[in-house]
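A short worksheet on the structure shown next.
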Amino acid sequence: MQLAVFSIYLSFDDLEHIPLSMITVVAYLGLAFGLRLQSRIDGDRYRSLIRYSLSAFMCVLIYQGMSNLLFLGEEVQY
């Protein structure tokens, strides 16, 4: 599905097949792990685990977005 969406917006030369393949494999493994985990633990604990995971991802994305906005255009000098 990811490859199909990317192929709509990018030309064939722009697609990098190895990174996209790695992302797809990692996403599939995460999905398989989540489905196995979901069937082994109770619903409330699974929902809280998902919420904490998504909150951690959100914090990382907010940090990356804010750091890109704040340091946009500034060159690092060594």
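The values are calculated or read from the model by the stated rules, or taken from the named source; none is laboratory data. Quantities reported herein were computed from a predicted structural model and do not represent experimental measurements. Every residue, glycine among them, receives a Cβ derived from its backbone with ideal geometry; neighbour counts consider all protein chains shown.
Overview of values
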| read-out | value |
| --- | --- |
| Options Ser11, Ser39; residue that is outside any helix (DSSP H, G or I), small (Gly, Ala, Ser), loosely packed, with under 10 Cβ neighbours inside 10 Å and at pLDDT below 85 | Ser11 |
| Arg51 over 18 Å from the mean Cα position of the chain (by Cα), part of a helix (DSSP H, G or I) and modelled with pLDDT of 85 or more | no |
| Flag for Val5 being assigned to a helix (DSSP H, G or I), at pLDDT 85 or above and β-branched (Val, Ile, Thr) | no |
